[in-house]
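The values are calculated or read from the model by the stated rules, or taken from the named source; none is laboratory data. Since the model is a prediction, treat every value here as computed from it, not as a measurement. All Cβ positions, glycine included, derive from the backbone under ideal geometry; neighbour counts span all protein chains shown. Ligands, DNA and RNA are excluded from the accessible area calculation, which covers all protein heavy atoms including side chains. Shrake-Rupley method; radii C 1.70, N 1.55, O 1.52, S 1.80 Å.
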Amino acid sequence: MKKIPVGVIGTGFIGPAHVEALRRTGLVDVVAIADIDQEVADRKAEQLGIEKAYGDWQKILADPDIEAVHICTPNNLHYPMSKAALEAGKHVVCEKPLAMNSKEAEDLVDVASRTGLVNAIHFNVRYYPLVHQARAMVEKGDIGKIFAIHGSYLQDWLFYETDYNWRLEPEYSGESRAVADIGSHWLDLIEFISGLRVKAVCADFATFHPIRKKPLKPVETYAGKMLSPEDYQDVPINTEDYATVLLEFEGGAKGVMTVNQVAAGRKNRIYFEIDGSKKALAWDSEKPNELWIGRRDGNNEVMIKDPSLMYPEAREIVSFPGGHTEGFPDTTKQMFKQVYSYIASGDYKRGIAPKFPTFKDGHREIMMCEVILKSARERKWVEVK
Ligand code: SOE
């Protein structure tokens with residue numbers, strides 16, 4: 001089978017993660033990588049064994065060999081790049097958040113639908129095997145009616161006032177930080193598993209470091225922890241380190257999400273509990289191969305990821321037998337396998353709905369972030385349209 005030629009724009013933390021996952025699908029050839037700096041593009045292309053290195057992202061779009069483009073840049077570029085790539089006739093996989101605001105995101109949904117090209121948003125957390133298992137359990141009625149959903153997404157890579165990254169600057173990142181960056185994953189995950197939609201929110205934000213010390217040289221996401229920069233400049237911070245959001249779901253279920261990017265010791269931990277009328281479920285991304293099942297009568301269980309014990313809908317995204325741990329890099333691989341099988345099969349031309357998250361999901365998350373921001377600013381409950 002002919003492999004699909006792909007180009008990746010962006011060489012920071014997530015671009016190379018896309019490259020590695022793409023290769024593990026066996027369905028594509030990563031033929032080009034782009035960065036705004038030609039030297040960086042050359043270095044990364046050499047490190048990753050990629051044939052073409054472009055110092056200008058437009059060259060990826062002009063390259064007739066390339067059929068699909070991955071956008072792994074700071075958030076402010078997601079919209080113009082996705083739009084230009086679709087208009088150049090390329091399928092697009094974009095990092096989240098899809099755009100800087102819901103107007104841009106809505107436009108992307110329209111352009112994608114007009115061009116008929118495949119579009120995906122990298123909500124990889126859905127692709128942990130036991131997340132799919134939890135969804136199948138909810139769908140089959142194993143846990144009963146959902147009463148409440150609560151949990152958190154905690155990180156510590158911005159813990160110190162000296163931790164710095166483009167995500168702290170609204171012109172690159174957008175008006176919301178913790179909610180847009182990690183809350184969007186949590187909300188997408190919860191709606192995916194529960195099948196319930198958030199109806200209204202009431203949010204409370206905090207910025208624990210209102211002034212941060214910006215290093216006088218660029219620092220990649222997560223890489224700041226390994227540096228001890230001599231020279232800093234004080235900069236005011238206008239986006240949230242922390243948020244607590246009360247949630248009301250359609251059908252009456254209640255919920256609460258906490259996100260915090262200054263939570264010492266929590267490296268990158270998504271956690272949820274779903275309390276149902278028959279059972280409860282709990283899962284922690286730092287122990288992704290264990291799903292806790294809570295019961296009132298009888299013993300609680302911990303289900304270990306093992307395809308032979310899982311529902312077929314979840315087994316489909318498992319590559320290794322029980323006892324062989326699957327984690328973060330595998331989620332991206334599983335999502336990309338779905339995206340590129342969908343492209344290769346031509347299903348998108350036949351109007352068959354994709355299983356993976358698309359720009360419509362990206363648009364929904366941005367809309368929710370905007371509602372959460374409004375609620376925090378006005379200190380009141382706000383309905384999600
Ligand atoms: C940075 O906070 C970040 O890289 C997010 O942008 C990702 O989506 C998440 O995977 C981990 O943390």
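The residues of segment 245-273 that are under 21 Å from V384 (Cα atoms), in contact with a helix residue (DSSP H, G or I) (Cβ under 7 Å, 6 or more places away or on another chain) and within 16 Å of the ligand (Cβ to nearest atom), listed by number, are M257, V259. Within segment 305-318, is even one residue open to solvent by 50 Å² or more (accessible area, probe 1.4 Å), under 19 Å from V138 (Cα atoms) and part of a loop (DSSP other than H, G, I, E, B)? The answer is yes, given that some residue of segment 305-318 is open to solvent by 50 Å² or more (accessible area, probe 1.4 Å), under 19 Å from V138 (Cα atoms) and part of a loop (DSSP other than H, G, I, E, B). Of all residues in segment 54-92, those satisfying the criterion of being in contact (Cβ under 8 Å) with a residue 24 or more places away in the chain, open to solvent by 20 Å² or more (accessible area, probe 1.4 Å), more than 16 Å from the ligand (Cβ to nearest atom) and more than 21 Å from D42 (Cα to Cα) are E67, Y79, K83, A84, E87, A88, G89. D284 fulfils the conditions (1) in contact (Cβ under 8 Å) with a residue 40 or more places away in the chain; (2) of a type in the set (D, E, K, R); (3) within 16 Å of the ligand (Cβ to nearest atom) except for a single criterion, (1).
Per the listing E191, E95, E106, the residue uniquely of a type outside the set (A, V, I, L, M, F, W, C) and within 12 Å of the ligand (Cβ to nearest atom) is E95.
Selection over segment 13-52 of residues that are of a type in the set (G, A, S) and closer than 18 Å to K90 by Cα gives a count of 3. When residues in segment 144-153 are screened for being within 11 Å of the ligand (Cβ to nearest atom) and either of a type in the set (A, V, I, L, M) or part of a loop (DSSP other than H, G, I, E, B) (or both), 0 of them pass. For segment 336-355, a residue qualifies if it is hydrophobic (A, V, I, L, M, F, W, C), out of contact with any Leu (no Cβ under 7 Å at 6 or more places or on another chain) and either open to solvent by 30 Å² or more (accessible area, probe 1.4 Å) or assigned by TED's automatic domain parsing to the domain that holds L196 (or both), and the qualifying residues are I352, A353.
Determine which member of the set G141, G116 is in the same structural domain as W283 (by TED's automatic domain parsing), at pLDDT 95 or above and away from the ligand (no atom under 16 Å from the Cβ). On inspection, the qualifying residue turns out to be G141. Taking the options N124, N165, name whichever one is over 15 Å from the mean Cα position of the chain (by Cα), within 12 Å of the ligand (Cβ to nearest atom) and under 18 Å from C72 (Cβ atoms). Result: N165 is the single residue among N124, N165 that is over 15 Å from the mean Cα position of the chain (by Cα), within 12 Å of the ligand (Cβ to nearest atom) and under 18 Å from C72 (Cβ atoms).
Residue count for segment 260-272 satisfying the condition of being part of a strand (DSSP E or B) and touching an Asp or Glu at 6+ places or on another chain (Cβ under 8 Å): 5. Kindly provide the set of residues from segment 219-243 that are within 16 Å of the ligand (Cβ to nearest atom) and at pLDDT below 80, ordered by number. Within segment 219-243, V219, E220, T221, Y222, A223, G224, K225, M226 qualify.
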